[in-house]
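Report on the following structure.
The values are calculated or read from the model by the stated rules, or taken from the named source; none is laboratory data. Model, not experiment: these values are computed from the prediction. No Cβ is skipped: glycine too gets one built from the backbone with ideal geometry, and neighbour counts run over all protein chains shown. Quick note on the areas: whole protein, heavy atoms, side chains included, nothing else; ligands and nucleic acids left out. Shrake-Rupley method; radii C 1.70, N 1.55, O 1.52, S 1.80 Å.
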Amino acid sequence: MTRKLFGTDGVRGTANTYPMTAEMALRIGAAAGIYFRRTQANVHRVVIGKDTRRSGYMLESALTAGLTSTGMSVFLMGPIPTPAIGMLTPSMRADVGIMISASHNPHFDNGIKFFGPDGFKLSDEAEMEIEALVDSGVDLVEPTKIGRTRHVYDGRSRYNERVKAGFPSALSLDGMKVVIDCANGAAYRAAPEVLWELGAEVIPVGVSPNGYNINENCGSTKPRTASETVIAHGADVGICLDGDADRCIILDEHGKVADGDQFMGLIAGRWAEDGRLNGGTLVATVMSNLGLERHLQGKGLTLARTDVGDRYVVEEMRRNGFNLGGEQSGHIVMTDYATTGDGLMAGLQFLGEMARTGRKASELTAVFEPVPQMLKNVRYTAGQTPLEDDGVKAVIAGAETELVGKGRLLIRKSGTEPLIRVMAECEDPDLLLDVVDRIVDEVARATA
């Protein structure tokens, strides 16, 4: 069965357009309610969080209606980071957790992410079963069994305390000046609170959400404002989160961006030295730089690669008992502390290493020399299949031949946007540019 609704990270799309309409959210909520009420428990709970998009109110109400119509009691957390839902779902003995967010996408997009009762994201199989229930329709409960709804006001404080508990008790952020960019998103309150309570001097950016400015010229995908703020205030470090705070990008004291690969290389090395990197293995996706893989090999460590998507990283970690993984984009998963990527918790791990070593951020973010890498995107419209075009296939095959022994090529459809992503790595920058541009031009022709 092919999934029609779910992508690499839940259901996502433009708000008020299929599938992100109130009607579909109602049906998805009812289907999820039936799916998660298959247990024998008499009480069925769901916790729902959201980021700061205006459309979150609409989707929250529709999901709540669908869930309660199938006998689920709903606990509304309000704006809260995605990892908080992963934490609160098992903590509150809920059957399911739902996060309403489109992560790093602009405000006009939104999405629905599901967490199982163990706090981990659902498997492909579970999502397919929910899709089947959406298609077939579900039987509603009798009036006396309709679920209840209540607002929970201490969810953020519960999450804050859990995050702080992961910071080494022997260390402090006293005297450290930190720029925190919350992307006008879900962590706009939580992140500055946690950093201040741990002793940092906090300079907040992107903490004035209005429903439309989430990820707008701020956050992990647009760190320029945070970078300028680091320089202007003479800060020691900057931390950029995305709209739902499950990813983290580090800025050094010069405002220079370090991606998730450098962060993972740093933490993997530290944990290995401390004897706490399970299996001597870091799990990352096919997008991670070849330089990271070489760096780990030099330390006698292993890089296990997965498909793109933090869910697949977590599945590989759980399958083999690994405890550190992530994505180049800044999703960092530390299963000793959380069930999914947690940008704030990852940022604290970096700050802890700064406090422990006394070294500057610029020293800690230059862990390895990356192999030159280029990523370009080509947008396509619904119904188009550019990767099946004969001309595109021929150009890709030619590029792969040219890169043998010199680098690697990765072409894929985005799981969250209608984009073809063209990524290549090569020691020869001229060949790298030529290969990527040829493929991009051919894909653009096929989508014209």
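Take the Cα gyration tensor of the chain, multiply each eigenvalue by 5, square-root it, and list the three semi-axes largest first, rounded to whole angstrom.
Numbers: eigenvalues 229, 169, 81 Å².
Each semi-axis is √(5λ); the values are 34, 29, 20 Å.
What distance in nm lies between label points placed 7 Å from Cα along the C-beta direction at ALA394 and ALA448?
Computed distance between label sites ALA394 and ALA448 equals 1.6 nm.
Quick check: with the 1.4 Å probe, what order do HIS254, HIS331 take by accessible area, largest first?
Working: HIS254 120, HIS331 10 Å².
Ranking HIS254, HIS331 by accessible area, largest first, yields HIS254, HIS331.
What does the charge dipole of the chain about its Cα centre add up to, to the nearest 20 debye, if the Cβ of each Lys and Arg holds +1 and the Cβ of each Asp and Glu holds -1? Display every interim value, and only then the final one.
Numbers: 47 positive and 59 negative charges, 251 e Å.
Here the size comes out at about 1200 debye.
Cα atoms only, the stretch 77-214: Rg and Dmax in Å?
Expressed in Å, the Cα Rg and Dmax of the stretch 77-214 come to 18.2, 60.
Take the Cβ-Cβ distance between HIS233 and ARG54 as r, set R0 to 30 Å, and report the resulting FRET efficiency rounded to the nearest 0.05.
On the way: r = 31 Å, r/R0 = 1.03.
Once the sixth-power term is evaluated, E becomes 0.45.
Roughly speaking, what is the centre-to-centre gap between the stretch 360-418 and the stretch 249-285 when only Cα atoms are used, to the nearest Å?
First find each Cα centre; the distance between them is then 23 Å.
Excluding residues on the same chain fewer than 8 positions from LYS177, give the lysines whose Cα lies under 26 Å from its Cα.
Counting by Cα, and skipping residues close in sequence, LYS177 has these lysines nearby: LYS164, LYS222, LYS256, LYS360.
Can you tell which of SER362, TYR380, HIS331 lies farthest toward the positive end of the dipole of the stretch 316-399, using +1 and -1 charges on the Cβ of basic and acidic side chains (Lys, Arg; Asp, Glu)?
SER362
How big is the Cα convex hull of the stretch 280-365 in projection, averaged over all directions, in nm²? Intermediate values should be presented prior to the final figure.
Details: hull surface 22.8 nm².
So the mean shadow area of the Cα hull is 5.7 nm².
Setting aside same-chain residues fewer than 8 positions from LYS4, which lysines have a Cα under 24 Å from its Cα?
Those lysines meeting the cut-off are LYS50, LYS113, LYS121, LYS413.
Over the stretch 332-448, with every protein chain in place, what whole percent of the accessible area is carbon and sulfur at 1.4 Å, could you tell me? Provide the component values of the computation, followed by the final result.
Working: 2660 of 5310 Å².
Carbon-and-sulfur percentage of accessible area, whole number: 50.
What number comes out for accessible area per residue over the chain if the probe is 1.4 Å? Units Å², please.
41 Å²
Once a ≥ b ≥ c are taken as the square roots of the eigenvalues of the Cα gyration tensor of the stretch 322-411, is the result rounded (a/c under 1.5), prolate (a/b larger than b/c) or oblate (a/b not larger than b/c)? Provide the component values of the computation, followed by the final result.
Details: a/c = 3.21, a/b = 1.95, b/c = 1.65.
It is prolate, given that a/c is not under 1.5 and a/b is the larger ratio.
Over all directions, average the projected area of the Cα convex hull of the stretch 1-95 and note it in nm².
Values: hull surface 25.8 nm².
Over all viewing directions, the stretch 1-95 projects a mean Cα-hull area of 6.5 nm².
Using protein chains only and a probe of 1.4 angstrom, how many square angstrom of LYS256 are accessible, to the nearest 10?
140 Å²
Only loop residues by DSSP count here, and only those with at most 13 other Cβ atoms within 10 Å; note down the trypsin sites (Lys or Arg not before Pro) in the stretch 1-108 that meet that.
Values: sites: ARG3, LYS4, ARG12, ARG27, ARG37, ARG38, ARG45, LYS50, ARG53, ARG54, ARG93; in loops: ARG3, LYS4, ARG37, ARG38, ARG53, ARG54, ARG93.
For trypsin sites (Lys or Arg not before Pro) across the stretch 1-108 that sit outside H, G, I, E and B with at most 13 neighbouring Cβ atoms in 10 Å, the list reads ARG3, LYS4, ARG38, ARG93.
Using Cα positions and a limit of under 19 Å, work out the aspartates and glutamates in reach of LYS406, with same-chain residues fewer than 8 apart set aside.
Partners within reach: GLU293, GLU369, GLU425, GLU427, ASP428, ASP430, ASP434, ASP437.
Could you give the radius of gyration (one decimal) and Dmax (whole number) of the Cα atoms in the stretch 144-301, in Å?
Rg and Dmax of the stretch 144-301, Cα atoms, are 18.1, 64 Å.
What spacing in nm lies between the two simple spin-label points modelled at GLN384 and GLN297, each 7 Å away from Cα in the Cβ direction?
3.7 nm
Calculate the FRET efficiency for THR17 and ARG408 from the Cβ-Cβ distance with a Förster distance of 51 Å, rounded to the nearest 0.05. Don't jump to the answer; show the numbers that get you there.
Working: r = 36 Å, r/R0 = 0.71.
The computed FRET efficiency comes out at 0.90.
Round to a whole angstrom and tell me the spacing of the C-alpha centers of the stretch 147-212 and the stretch 337-356.
Centre-to-centre (Cα) distance: 12 Å.
Out of THR306, GLY66, CYS240, whose Cα points farthest toward the positive end of the dipole of the chain (charges: +1 Lys, Arg; -1 Asp, Glu; placed on Cβ)?
GLY66
Of the candidates ALA191, ALA382, ALA346, which one comes out as most mobile in a Gaussian network treatment of the chain with C-alpha springs shorter than 10 Å?
Between ALA191, ALA382, ALA346, it is ALA382 that shows the largest mean-square fluctuation.
Suppose the chain between ARG438 and ASP336 were pulled fully straight at 0.36 nm per residue; how much longer would it get relative to their current alpha carbon spacing? Don't skip to the answer; put the middle values down first.
Details: separation 102, 0.36 × 102 = 36.72 nm, distance 4.36 nm.
That pair, ARG438 and ASP336, stretches by 32.4 nm at full extension.
With charges only on Cβ, +1 for K and R and -1 for D and E, what is the dipole size of the stretch 16-152 about its Cα centre, in debye, rounded to 20? Kindly include the intermediate steps, with their values, before the conclusion.
On the way: 13 positive and 14 negative charges, 126 e Å.
Magnitude of the dipole: close to 600 debye.
For ASP135 and TRP196, compute 0.36 nm times the residue count separating them, minus their Cα-Cα distance, and round to one decimal in nm. Can you show the working numbers first?
Working: separation 61, 0.36 × 61 = 21.96 nm, distance 4.78 nm.
Full-extension gain reported as 17.2 nm.
Heavy atoms only, probe 1.4 angstrom, no DNA, RNA or ligands counted: give me TYR18, TYR380, TYR337 ranked by accessible area, highest first. Could the numbers behind the result be given before it?
Details: TYR18 145, TYR380 35, TYR337 60 Å².
Accessible-area ranking of TYR18, TYR380, TYR337, largest first: TYR18, TYR337, TYR380.
About its Cα centre, how strong a charge dipole does the stretch 192-265 have in debye, to the nearest 20, once Lys and Arg get +1 and Asp and Glu get -1 at the Cβ? Present the calculation step by step, with values, prior to reporting the outcome.
Working: 4 positive and 13 negative charges, 50 e Å.
Its charge dipole is roughly 240 debye.
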